[in-house]
Amino acid sequence: MPVDLTLVKGAVIVGAGVASGFINAIVGSGSLISFPALVGSGFERLAANIANNLGQFPGSMSAVYGYRRELTGQAVRIRKLVPASLVGSAIGALLLLSYPGSFKDVVPILVLVGVVLVLSAPLVQARVKARRAAAGNVVADDHIHPLAIAGVFLAGIYGGYFGAAQGVILVGVLGMAISDELVRINALKNVLAMTVNGIAAVVFVIRGDIPWLGAFLVGIGAIAGAQIGSRIGRKIPPNVLRGTIGVVGVIVAVKLWTSK
């Protein structure tokens with residue numbers, strides 16, 4: 001159904017895009033700003049979800065560019081994890097088009113699981129390192145456990161379906177699997193989120209009936225917001241960033257739960 005957008009509504013969507021791009025670059029969950037803005041401007045929920053996903057793709061590309069320094073030396077990780085995000089996202093996008101309400105009840109639980117993973121990752125990593133050192137077992141920095149690949153695949157399904165707080169889930173999974181600085185894990189998260197948004201966008205475009213105006217307005221805002229977020233995000237101390245991700249994740253879960 002065509003949406004009659006006024007100049008004010010268009011400005012609101014662009015502003016929401018800026019905010020979502022900013023939050024996604026640092027934490028993830030920006031869709032909880034841009035998606036309601038689209039719905040409030042007259043888009044039906046499915047159309048708003050599609051427009052939001054399409055609009056977030058250029059924003060996620062902008063975030064990857066903003067964190068490009070932190071991606072140095074992570075090529076092997078990217079090659080191992082991107083295919084899982086790619087396949088998972090395609091499945092999630094197809095599920096959205098076929099069964100729009102199928103994940104509603106489990107989404108808050110998934111987000112909370114991501115929060116627990118994010119907050120507990122330092123303790124788990126320290127224990128794993130100590131155990132490996134005691135056993136004389138040296139594992140390469142780019143080693144990715146198969147369970148981590150499976151987690152990224154499941155996060156891809158979720159991201160292709162809806163995507164709010166997929167960054168929280170991804171940082172949690174990656175933090176458990178990779179011993180590295182949180183800002184570098186966040187940069188890797190942005191690559192995977194870009195993959196998820198991009199593949200979902202392709203699926204939506206192939207299926208047709210795209211709300212292009214809504215996607216464009218979110219997109220131009222998200223590009224700018226991601227650049228701002230990437231500059232600020234790399235300056236946030238790891239513990240503060242981890243705490244921020246945890247707080248945002250809990251707020252997202254509560255909001256999603258109460259809006260069911």
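The values are calculated or read from the model by the stated rules, or taken from the named source; none is laboratory data. Bear in mind the structure is a predicted one, so any value in this text is a computation, not a measurement. Cβ atoms come from the backbone with ideal geometry, glycine included; neighbour counts cover every protein chain shown. Note: accessible area is taken over every heavy atom of the protein model, side chains too, but ligands, DNA and RNA are not part of it. Shrake-Rupley method; radii C 1.70, N 1.55, O 1.52, S 1.80 Å.
Structure remark: mean-square fluctuation, Gaussian network model of the chain, C-alpha springs under 10 Å; the largest value among Phe57, Phe22, Phe216 belongs to Phe216.
Rolling a 1.4 Å probe across all protein chains gives Leu97 an accessible area of roughly 40 Å².
Relative to the Cα centre, the charge distribution of the chain, modelled as +1 at Lys and Arg Cβ and -1 at Asp and Glu Cβ, gives a dipole magnitude of about 660 debye. Full extension of the chain between Val254 and Val205 yields a length gain of 14.5 nm, computed as 0.36 nm times the residue separation minus the alpha carbon distance. For the chain, the number of Lys pairs separated by eight or more positions or lying on different chains, with C-alpha atoms closer than 21 Å, is 4. Rolling a 1.4 Å probe over the protein heavy atoms leaves Thr258 with an accessible area of roughly 100 Å².
Counting only protein chain heavy atoms and rolling a 1.4 Å probe, the accessible areas of Lys189, Lys235, Lys9 rank, largest first, as Lys235, Lys9, Lys189.
Taking all protein chains together and a 1.4 Å probe, the residues Glu70, Glu44 rank Glu44, Glu70 from largest to smallest accessible area. Ellipticity at 222 nm from helices only: DSSP H runs of n ≥ 4 in the chain, each -39500 (n - 2.57), divided by the residue count, give -27000 deg cm²/dmol. Once you sort the root eigenvalues of the Cα gyration tensor of region 1-115 as a ≥ b ≥ c, which label holds: rounded (a/c under 1.5), prolate (a/b larger than b/c) or oblate (the other case)? It is oblate, given that a/c is not under 1.5 and a/b is not larger than b/c. When Leu81, Leu32, Leu112 are compared by accessible surface with a 1.4 Å probe, the order from highest to lowest is Leu112, Leu32, Leu81. Residues within the reach of a label modelled at Glu181 (point 7 angstrom out along Cα to beta-carbon, backbone nitrogen below 14 Å), restricted to region 47-72, are 67-72.
The distance separating the Cα centre of region 1-23 from that of region 205-260 comes to 14 Å.
Across region 46-54, rounded Karplus estimates of 3J(HN,Hα) from the backbone phi angles (6.51 cos²θ - 1.76 cosθ + 1.60, θ = phi - 60°) give 5, 4, 5, 5, 5, 4, 5, 5, 5 Hz, Gly and Pro being marked x.
Between the Cα long axis of helix 7-26 and the first principal axis of the chain there is an angle of about 10°, rounded to the nearest 10.
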